[in-house]
2 protein chains.
Amino acid sequence: MELFFNPRSVLLVGVSRQTGVGAYNGLEMMLRFGYRGKIFVVHPQAGEILGHKAYSRIRDLPEAPDLAVIALARDRVVHVIEDCLAKGIRRYVIISQGFADADDKGRKLQARLTALAKEHNARIVGPNTMGVMNNFTGFTTAFVDVPRVMQPPRVTLIAQSGAPQVGSESFTGPLGKAVDIGNACDVGFEDLLEYLERDPETEVIALHMEGLVNGRRFLEVAARLSRAKPIVVLKTGRSEAGARAALSHTASMVGADDVFSAAFERAGVMRAANAQDLLDTIQALRKLPPLKGPRIGIATPSGALGIIALDALAAAGLQPGRLPQAVKEAVEPLGPYWHRLHNPVDLWPIGMKTGDFLKVAKETIAGFLADPEIDGVMAMLPGLSSPLHRNNIVTPEFVASLNLERFGKPLVLAFYGDYRDELNRNLARVEGVACYFSVEQAAHGLARLHQYHLIKSVPAENLNISAPAPGKFSHRAEQNLLGEAALEFLSAYGIPTVPGALCQSAGEAADLARELGYPVVLKVIAPEWLHKSDKGGVVLNLSNDEEVRRAFNSLQEKVQSDNAQASLEGILVQKQAQGRELLLGVKQDATFGPVMVCGLGGVYTEIWRDTAQTLAPLSMAQSHALLAKLRSYRLLTGFRGEPPVDLDAVAQALANLSRLAVEHPELQECDINPLIASPAGCWAVDARIIRKP
Amino acid sequence: MELFFNPRSVLLVGVSRQTGVGAYNGLEMMLRFGYRGKIFVVHPQAGEILGHKAYSRIRDLPEAPDLAVIALARDRVVHVIEDCLAKGIRRYVIISQGFADADDKGRKLQARLTALAKEHNARIVGPNTMGVMNNFTGFTTAFVDVPRVMQPPRVTLIAQSGAPQVGSESFTGPLGKAVDIGNACDVGFEDLLEYLERDPETEVIALHMEGLVNGRRFLEVAARLSRAKPIVVLKTGRSEAGARAALSHTASMVGADDVFSAAFERAGVMRAANAQDLLDTIQALRKLPPLKGPRIGIATPSGALGIIALDALAAAGLQPGRLPQAVKEAVEPLGPYWHRLHNPVDLWPIGMKTGDFLKVAKETIAGFLADPEIDGVMAMLPGLSSPLHRNNIVTPEFVASLNLERFGKPLVLAFYGDYRDELNRNLARVEGVACYFSVEQAAHGLARLHQYHLIKSVPAENLNISAPAPGKFSHRAEQNLLGEAALEFLSAYGIPTVPGALCQSAGEAADLARELGYPVVLKVIAPEWLHKSDKGGVVLNLSNDEEVRRAFNSLQEKVQSDNAQASLEGILVQKQAQGRELLLGVKQDATFGPVMVCGLGGVYTEIWRDTAQTLAPLSMAQSHALLAKLRSYRLLTGFRGEPPVDLDAVAQALANLSRLAVEHPELQECDINPLIASPAGCWAVDARIIRKP
């Protein structure tokens, strides 16, 4: 990867002779950006472009450059790459569009590129890309003029588009390095993350992601990396309509949005809700020390903004800390006699009286930061252009005078007024302080810092998502399994099932029911009766032989009259388990493999949609954590004086189901609904196992 | 009110002789702002300030000015007002702090101000205020220098703080007029809304609200106004901590946050989630024509931003419209042969090929706006500072060339890149187009326009929240009512109850049960047994005389052994109603009066918190609408083949309960839980009525 970011020599193919406005000339951009390595140009007629000799054929080049940047019409790309490979070039950035982003022909062309890279041990970034940017050494492959950042921050962006690197002000703020992987025919997120793991110029990683091909490999690398270098991802295509466009745009697989969230969480990757969130989060991570607790000191120029700050902190999951005694003693006496200090500290009456608003602000901010029971500070300050307010204007010198290094705690500022943009610009490069356009963004920036602090505290093994290799089992699901057959399969994995059996006659049913002990349940088992509850195919609360016989006969008739061709496998007679109805499930996600789901079961599942998901496999601790995410968790832990259900048994069933899923990649879906959880164990009562088509 | 905004003459009391930085001299600010009326100054020694003669005593003034602005230390304010009243002055802005915003003494001083206003038919804005700003005529009472807006928009702000008018860039954008009502000892939101109703210079109204004293009166005026002039409110103090600070800051009553949301919704007032939302919403309302439907055309400079736009629209409740055939025919042929147009329209490949990105953007935007199946357009466009991109820069002339007036549809722009702030500034005054910092904000701005369009379509009678005057009733709740007594009270208002009665002996209970028909329910009725289900004070499913007798005796013993002093009123014997358990309730809110609540009832109420609220009274239509807001509404309308419950009966019970609440202001709370709703009617099964203390 190093050769992509720091090539000693570059070949450009597809550069136009036109320059200037509207020409999108990659050579011109590379020179403007300050690239100092050797540049070779190939052009059939030009002879020379911008002072660089143009070779008419690739084979004429005097050497094999480290990297080739290709910006030809799509139909000519494969041919040129073959020439370059023959010349010995092994790194490519393919700018050209019209591949998997366009149509069937484009997809075929792109497959050919992938194959060429494999065959020749070459690496390709793109196609449909702006390529690479490195502000440390001054290298870019973009065809759009991007101003160079001269003291670059150690922030690296991997994107599936050029927009976030061209318009970094709207996505991440200033960047050190960036790659647009475009259609990602070869180089993907995982390759680049592995490179960034060892890159000393990368301390914070931003991702713009539309889809992933190998979700598990990405997560393994990300989980290894995330506690050393924060990773923040803007995953787009959340909405259904968005997901469809993502497919046509980058031709990558898009899994369901919830699964992405669960996967990122599992690997310690922070997900940004939108571009603004990404920007705010990266600013906090780039500029501020960690926020080690939720207790915030607040300085405000007005009571109204103090209230707004409290609202914003509460929404961000943070809270106001106690007002330090030292601040009370130092600041309160400066104000009017009736003015009492609280947190938020209302600076205005004191600033009015002393005529030196900033001095009061400084005392307050420093006093908060010095207090051991305050974890960070948020200050709202005026940004007013009038010359009459020049005494209120925060400058880099003001921030320097706070000596923020000594505290090791974050300070966020939110300015308001007609001069706020200028203030934000003035302070953009000042270390140790982050500036936001609103109180809400400032509070959110702090919350993200705290989130990352918590991620760093997670034991490494919890982030581990590697699955054990599938084992060998006598049990194989050769076909879809329903009801009793599915339960039998599950019980081989240690998932308890309700005692019972399939019966073919009313007499057999009554005999079994007596043996099991009343009450019992009867259920129709037939492929046409998958939704048996809805169709009246389940009879509960049968408490004697006669009731069992009657129910058996009536179910048989029902199946017959519903559809004479129905293939009734029998009527299932089961002991009636009593307890909470849960749903446990697993489904194979195209991106991330087996995904575990648990939730409230029974008929109300779809009303409340109270479910939680994460990736398989699950340890006991992870299973317990997943259950605790349910809103209905309180129903399991002893609601209103009822005894708690056997949570260990439920967690064990979840963990066992996750092992089953990992060991049976041929299964597309496995649902247990309901699993009845009682104070003395749990039982899978009905289940359904679907093989991959 | 007019005299507050356009006084012909002003008296200033409490102006300092100091001027310039740090002096906060109100006279200096008034002159800088361009006030052209007569100014009188009273100062004991100054003789003259900034060229204005200073009278040493109020009685020496040659006339009674229209308005007095008072900025003295709090202890001198009442005395000065008395002098002013004697002089005949009837309008006041009291800048001074330290009243109800501070301590007990301050609250007493403020009560005196309120009384003086009443006695003398005078009006007071403040205290603790920055007062009034009028950019149309050039008048301000602020002690902070705020630049005058020379072509003011018809936007008026009423706030409970000076910050939103001083820092309007962070709250509302440019303002025409503004008032800070501060502690609102006299003039409040309602007075000002009534004035704005008739003010031709006000077309959009922004509110910053911390609390309300007379909620009903505010809503009546707002409901009358909201369909003619949009009202957007930033109600702060959402969080519990925030609410506490609001109380200490403005000494106004703060009701529960959900009640405020329900009240605003009822009056057609739009609630902003935070300051940024307020800013974005006001910009859309101020600059754009209505968005009459949800179908949006999207122009994007990259596929990636197109996906982000789809996510943002979906989150905002809008959707992409169909690509107009005219756009396809005009624009697609200009691009590479493989580039197919969809909505979002990816402009880049076409702009690259034609070299004229803006021409393509213009054709696309105009094509979308001209299509009858597109309701509005969102365009993301580059804002890049490089001179090589000057051909991509949107200018006011570009916007003018679109002739937006002809479409009558909104266009929102979101720029990205290092030149975006400048672009936003350049276009700030261009009519018919709104510019946002992010795609999410742009989508949200459109959604707010659509919301206002829907508010305008609501029939006037639905916004009406005036309650009928309390009637005269033989039924009075002289004390708290529980169980049977509460149900009897409810049934007088036409709320059906389950047949049953209080019994004193097991024999009486069995006789009644037989009469009612089995199954029946027995319930302990005693003040100590309010949570009777939790304590085992309810026995269900009793199906014969013997079971009833046994249950009766066992309940009696339970009460006795729980607490020998318990005052058992009897055991309630009721027919066991079968159906869905709902909760209906009403509580007196300190700000808004009776608030209706409905939700899922029974023991799970607190798990799912599936409730909806609005203000009483409720018509049948409003009752139905409230029920339809429940997540569990599907359980009522025929879930999974079950018959629907009698929704008309439930709505009637809600409407009747709301009438009861309006007619009995002495009741603090009335809960029906459960109300059993069946396909053939509904019955209140248990209830609780609490009088005001």
(message) Give me the one-decimal nm value for the distance between modelled label points at A:K105 and B:E2, 7 Å along each residue's Cα-to-Cβ direction.
(response) 7.4
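With N set to the number of residues, divide the alpha-carbon radius of gyration of segment A:523-615 by 2.2 N^0.38 Å and report two decimals. Numbers along the way, then the final one.
Details: Rg = 16.8 Å, N = 93, 2.2 N^0.38 = 12.3 Å.
So segment A:523-615 has a normalised radius of gyration of 1.37.
Would you tell me the mean number of C-beta atoms belonging to other protein chains that fall within 10 Å of each C-beta in A:411-421, as a whole number? Kindly include the intermediate steps, with their values, before the conclusion.
On the way: counts 0, 0, 0, 2, 3, 9, 9, 8, 2, 3, 5.
Average neighbour count from other chains, rounded to a whole number: 4.
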(request) Enter the Cα centre distance for the pair segment B:349-401 and segment A:108-126, rounded to the nearest angstrom. (result) 35
(request) Highest first, please rank the peptides A:28-38, A:172-182 by the mean number of other Cβ atoms sitting within 10 Å of their residues. (result) A:172-182, A:28-38
(message) Considering all projection directions equally, how large on average is the shadow of the alpha-carbon convex hull of the protein assembly as shown, in square nanometres?
(response) 58.8
(request) Starting from the Cα coordinates of segment B:627-680, work out the convex hull volume and express it per residue in Å³. (result) 86
(request) Using the 7 Å Cα-to-Cβ label point, sort the distances from B:A111 to its equivalents in the other copies shortest first and give them in nm to one decimal. (result) 8.6
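With the radius of gyration and the Kirkwood radius both derived from the Cα set of segment B:2-236, what is their ratio Rg to Rh?
Numbers: Rg = 17.0 Å, Rh = 17.9 Å.
Rg/Rh for segment B:2-236 comes to 0.95.
Sort B:K105, B:K53, B:K87 by accessible area with a 1.4 Å probe, largest first. Each step should come with its number before you reach the end.
Numbers: B:K105 95, B:K53 125, B:K87 60 Å².
The ranking, largest first, comes out as B:K53, B:K105, B:K87.
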(request) Take the alpha carbon atoms of segment A:602-651, find their radius of gyration, then divide it by 2.2 N^0.38 Å using N residues; give the quotient. (result) 1.21
(request) Kindly identify residues of segment A:162-193 having a loss of at least 30 Å² in accessible area between the isolated chain and the assembly of all protein chains, probe radius 1.4 Å. (result) A:A163, A:V166, A:E169, A:S170, A:F171
(request) Using the structure shown, select from A:K535/A:K575; A:K105/B:K359; B:K287/B:K456; A:K456/A:K629 the pairs with a Cα to Cα distance greater than 24 angstrom. (result) A:K105/B:K359
(message) I need the P(r) histogram for segment B:499-575: all alpha carbon pairs, bin width 5 Å from 0 out to the longest distance, whole percents.
(response) 3, 19, 32, 25, 14, 6, 1
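Take every DSSP beta bridge with both residues inside the protein assembly as shown and express the antiparallel ones as a percent of the total, to the nearest 5. Show your work: numbers first, answer last.
Values: 104 of 206 bridges.
Here the antiparallel bridges make up roughly 50 percent for the protein assembly as shown.
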(request) Rounded to whole Hz and in sequence order, give me ³J(HN,Hα) for segment B:354-369 from the Karplus expression 6.51 cos²θ - 1.76 cosθ + 1.60, θ = phi - 60°, writing x for Gly and Pro. (result) 7, x, 10, 4, 5, 5, 5, 4, 5, 4, 5, 4, 5, x, 4, 4
(message) Treating the point 7 Å from Cα along Cα-beta-carbon as the label, what are the nm separations from B:R36 to the other copies, to one decimal?
(response) 6.4
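Sum -39500 (n - 2.57) across every DSSP H segment of at least 4 residues in the protein assembly as shown, then divide by the residue count to get the 222 nm mean residue ellipticity, nearest 500. Show your work: numbers first, answer last.
On the way: 50 runs with 496 residues, N = 1386.
My calculation for the protein assembly as shown gives -10500 deg cm²/dmol from helical runs alone.
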(request) Might you report the magnitude of the Cβ-based charge dipole of the protein assembly as shown about its Cα centre, with Lys and Arg at +1 and Asp and Glu at -1, to the nearest 20 debye? (result) 3380
(request) Would you be so kind as to identify which of A:G537, A:F136, A:Q165 lies farthest towards the positive end of the dipole of chain A, taking Lys and Arg as +1 and Asp and Glu as -1 on Cβ and the Cα centre as origin? (result) A:F136
(message) Placing one identical point scatterer on every Cα of segment B:289-457 and ignoring solvent, what is log10 I(q)/I(0) from the Debye formula at q = 0.19 Å⁻¹?
(response) -1.28
(request) Could you order A:W348, B:W683 so the one with the most accessible surface comes first? Probe is 1.4 Å. (result) B:W683, A:W348
(request) Which order do the peptides B:407-415, B:604-612 take when ranked by the mean count of other beta-carbon atoms within 10 Å per residue, highest first? (result) B:407-415, B:604-612
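Where the convex hull is taken over the Cα atoms of chain B, what is its projected area averaged over directions, in nm²?
38.8
What number does segment A:594-693 give for Rg over Rh if you use C-alpha atoms and the Kirkwood radius?
On the way: Rg = 13.4 Å, Rh = 13.9 Å.
That ratio equals 0.96.
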(message) Can you list residues from other chains, or at least 5 along the same chain, whose modelled amide H is less than 5 Å from the amide H of B:S385?
(response) B:D418, B:Y419
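So, for segment B:533-681, what is the accessible surface per residue at a probe of 1.4 Å, expressed in square angstrom?
Working: 6050 Å² over 149 residues.
For segment B:533-681, the per-residue accessible area is 41 Å².
If R₀ is 56 angstrom, what is the calculated FRET efficiency for the pair A:E119 and A:E606, using the beta carbon separation as r and rounding to 0.05?
Values: r = 50 Å, r/R0 = 0.90.
With a Förster radius of 56 Å, E is 0.65.
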(request) With 5 Å bins from zero, work out the P(r) of segment A:35-172 over every alpha carbon pair and list the percent per bin. (result) 2, 9, 17, 20, 20, 16, 11, 5, 0
(request) Could you give the spread of the C-alpha atoms of segment A:194-353 along their three principal axes, from largest to smallest, in whole angstroms? (result) 68, 37, 23
(request) Report in % the part of the accessible area of segment B:580-691 that belongs to carbon and sulfur, leaving out ligands and nucleic acids; probe 1.4 Å. (result) 53
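Which value, in Å², gives the accessible area per residue of segment A:2-236 when a 1.4 Å probe is used on the protein heavy atoms? Walk me through the intermediate numbers first.
Values: 8100 Å² over 235 residues.
Accessible area per residue: 34 Å².
Summing both sides, how much accessible area is buried between B and A? Use a 1.4 Å probe and give Å² to the nearest 100.
So the total buried area for this chain pair works out to about 7800 Å².
Counting only protein heavy atoms and using a 1.4 Å probe, what share of the accessible area of segment A:126-236 belongs to carbon plus sulfur, as a whole percent? Don't jump to the answer; show the numbers that get you there.
Values: 1270 of 2590 Å².
Within segment A:126-236, the accessible surface is 49 percent carbon and sulfur.
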(message) Test of understanding: what is the full-extension gain from B:R198 to B:S554, defined as 0.36 nm times their sequence separation minus their Cα-Cα distance?
(response) 121.2 nm
(request) List the distances, in nm and shortest first, from the label point of A:T354 to the matching label points in every other copy, placing each point 7 Å from Cα along the Cα-to-Cβ direction. (result) 6.1
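The values are calculated or read from the model by the stated rules, or taken from the named source; none is laboratory data. Because the structure is predicted, anything quoted here is derived from the model rather than measured. Note: ideal-geometry Cβ built from the backbone for every residue, glycine included; neighbour counts use all protein chains shown. These area figures cover heavy atoms from the full protein model, side chains too; ligands, DNA and RNA do not enter into them. Shrake-Rupley method; radii C 1.70, N 1.55, O 1.52, S 1.80 Å.
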